[in-house]
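Here is the structure we will look at, set down as structure tokens.
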């Protein structure tokens, strides 16, 4: 490894998501969210969304990894590893079960106070995500999700409760997880736009062509999230001027498959939408020229009002966060297969890269490339909010897991971060997804494990939920306690 070093104030964090780890889906007054209605993947890697909870199906997010009851144990593992911060989500449905209650659920508030107090015990900084896969099912059915502007005020009531309740304890907030997902059809479901019938979810298959109204709804939902994020930033700074607001995108790093100029142009356009379409709004508070042209060419009515422009300009973010796992390629030749999975995106395989068993190509250099693109465009601090590798794992005879691939993956990405900082980029920190095994968002599987701690829970709902340290646990502990200096594995 090179002699490059990370700064002493570099933030080492752990990332989790309440909808994927909490479980306790109806406990202590929690309401139903859209993930509660999604089954585990079947043999064809397909999840099913059902309006009625079918006892013949398994809904993995009902159990999660039982963080709701084991948060002290899990935060203790994170502290032992050496993490100095934890990014977690406050679930809308734990505080406002339907999204329309006048007052928040006191048991939900107490739960998050308990988490923050546990983090304070270990001197770990809380970072809160306010929308992460937990849109209230009631609002999806009543309003059509984020496509209805009335949802903005309901969300802001929830946000105001959180920011006011935790004033002084929480200084960093992020509105929406991977807000750029709404730039493609798979994002409709995550935006709460749910058909009135049961349906399949499979992101590795070509999504059927949307109707014009479906596309309008999706981009109205995205615009409404832009307005909500801006209003959140304005409101939070009024409540506590010390608060910093971040925006979060799925880090979509796309290369041209060949030097063919048409491939290069295709890659440029693939980065414009969705990455820069969303990034320009979050940082600059306006639709870029190509975003306006995209809306115009596709006859999209996003429901924007004249008064939104001033709000969007005022409510921009302080730091830019990315969830980065892999990169992909694009070809201008329609006959070239798109068979490479990414985080909620599909691309063409890069012949120079290896991939995880889920097909996500491993590309630490892509992290450096993407950070340079972001910083060159926006010039504001960057935080890596999620990064990790999922693998199918089982306990061995020693009640542990041998996971050298995880060590290698992390070591390469830490080296890339050192190079990012050496490039002159203000990189604030690195949050690992996810230190304790939890339910995969795209497939609903526990089998796809990311953690340094194995959770005895399986895709049929069986298991004790007992925790076991993997071999990577002690290695990562060494890495964190050396501030990323000792990467030998």
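The values are calculated or read from the model by the stated rules, or taken from the named source; none is laboratory data. No experiment lies behind these values; they were computed from the predicted model shown. A quick note on method: Cβ atoms are made from the backbone with ideal geometry, for glycine too, and the neighbour counts reach across all protein chains shown.
Which one of these is surrounded by fewer than 22 Cβ atoms within 10 Å (Cβ to Cβ), assigned to a helix (DSSP H, G or I) and out of contact with any helix residue (DSSP H, G or I) (no Cβ under 7 Å at 6 or more places or on another chain): 242, 213? If you could, list the steps in order and put the result at the bottom.
Values: 242 fails: assigned to a helix (DSSP H, G or I).
Only one candidate passes the filter, namely 213.
Determine whether residue 311 is in contact with a helix residue (DSSP H, G or I) (Cβ under 7 Å, 6 or more places away or on another chain), closer than 30 Å to residue 154 by Cα and not in a helix (DSSP H, G or I).
Spelling it out, it is not the case that residue 311 is in contact with a helix residue (DSSP H, G or I) (Cβ under 7 Å, 6 or more places away or on another chain), closer than 30 Å to residue 154 by Cα and not in a helix (DSSP H, G or I).
Test residue 22 against the stated conditions and say whether it is under 30 Å from residue 382 (Cβ atoms) and in contact with a helix residue (DSSP H, G or I) (Cβ under 6 Å, 6 or more places away or on another chain).
yes
State yes or no: is residue 468 over 25 Å from residue 319 (Cβ atoms), in contact (Cβ under 8 Å) with a residue 60 or more places away in the chain, in contact with a strand residue (DSSP E or B) (Cβ under 7 Å, 6 or more places away or on another chain) and surrounded by fewer than 19 Cβ atoms within 10 Å (Cβ to Cβ)?
Yes: the conditions hold for residue 468.
Does at least one position in the range 343-353 carry a residue that is surrounded by 19 or more Cβ atoms within 10 Å (Cβ to Cβ), at pLDDT 95 or above and closer than 28 Å to residue 263 by Cα?
no
Go over the candidates 267, 291 one by one and state the one that is in a helix (DSSP H, G or I) and in contact (Cβ under 8 Å) with a residue 40 or more places away in the chain.
267
Please work out which one of (1) assigned to a strand (DSSP E or B); (2) at pLDDT below 95; (3) within 18 Å of the chain's Cα centre (by Cα) is the condition residue 188 fails and give its number.
Among (1) assigned to a strand (DSSP E or B); (2) at pLDDT below 95; (3) within 18 Å of the chain's Cα centre (by Cα), residue 188 violates only (1).
In the range 327-436, which strands (runs of 3 or more DSSP E) lie fully inside it and hold 3 or more residues that are touching a strand residue (DSSP E or B) at 6+ places or on another chain (Cβ under 9 Å) and within 25 Å of residue 288 (Cα to Cα)?
By residue number, 327-330, 382-386.
Among what's in the range 77-112 and is free of Cβ contacts under 8 Å to residues at least 40 places away in the same chain and part of a helix (DSSP H, G or I), pick the residue that is farthest from the chain's Cα centre (by Cα).
To start, the set of residues in the range 77-112 that are free of Cβ contacts under 8 Å to residues at least 40 places away in the same chain comprises 101-103, 106, 110.
Narrowing the set further to residues that are part of a helix (DSSP H, G or I) leaves 106, 110.
On the way: 106: 27, 110: 24 Å.
Once the filter is applied, the top-ranked residue is 106.
Could you tell me which of the residues 291, 309, 304 is closer than 20 Å to residue 233 by Cβ, surrounded by 19 or more Cβ atoms within 10 Å (Cβ to Cβ) and out of contact with any strand residue (DSSP E or B) (no Cβ under 9 Å at 6 or more places or on another chain)?
Step by step, each of 291, 309, 304 is checked, and only 291 is closer than 20 Å to residue 233 by Cβ, surrounded by 19 or more Cβ atoms within 10 Å (Cβ to Cβ) and out of contact with any strand residue (DSSP E or B) (no Cβ under 9 Å at 6 or more places or on another chain).
Condition test on residue 173, is it within 23 Å of residue 22 (Cα to Cα), within 19 Å of the chain's Cα centre (by Cα), modelled with pLDDT of 95 or more and surrounded by 20 or more Cβ atoms within 10 Å (Cβ to Cβ)?
In short, yes.
Residues that are closer than 30 Å to residue 483 by Cβ, at pLDDT 95 or above, in contact with a strand residue (DSSP E or B) (Cβ under 6 Å, 6 or more places away or on another chain) and part of a loop (DSSP other than H, G, I, E, B): does the range 33-50 have at least one?
Within the range 33-50, none of the residues are closer than 30 Å to residue 483 by Cβ, at pLDDT 95 or above, in contact with a strand residue (DSSP E or B) (Cβ under 6 Å, 6 or more places away or on another chain) and part of a loop (DSSP other than H, G, I, E, B).
Would you mind finding the one in 219, 226 that is surrounded by 16 or more Cβ atoms within 10 Å (Cβ to Cβ), out of contact with any strand residue (DSSP E or B) (no Cβ under 8 Å at 6 or more places or on another chain), under 30 Å from residue 169 (Cβ atoms) and modelled with pLDDT of 95 or more?
226
Name the single residue, out of those in the range 272-288 being in a loop (DSSP other than H, G, I, E, B) and out of contact with any helix residue (DSSP H, G or I) (no Cβ under 6 Å at 6 or more places or on another chain), that is surrounded by the most Cβ atoms within 10 Å (Cβ to Cβ). Before the answer, list the steps.
Of the range 272-288, the ones in a loop (DSSP other than H, G, I, E, B) are 285-288.
Subsequent filtering for residues that are out of contact with any helix residue (DSSP H, G or I) (no Cβ under 6 Å at 6 or more places or on another chain) retains 286-287.
Working: 286: 14, 287: 20.
So the residue we want is 287.
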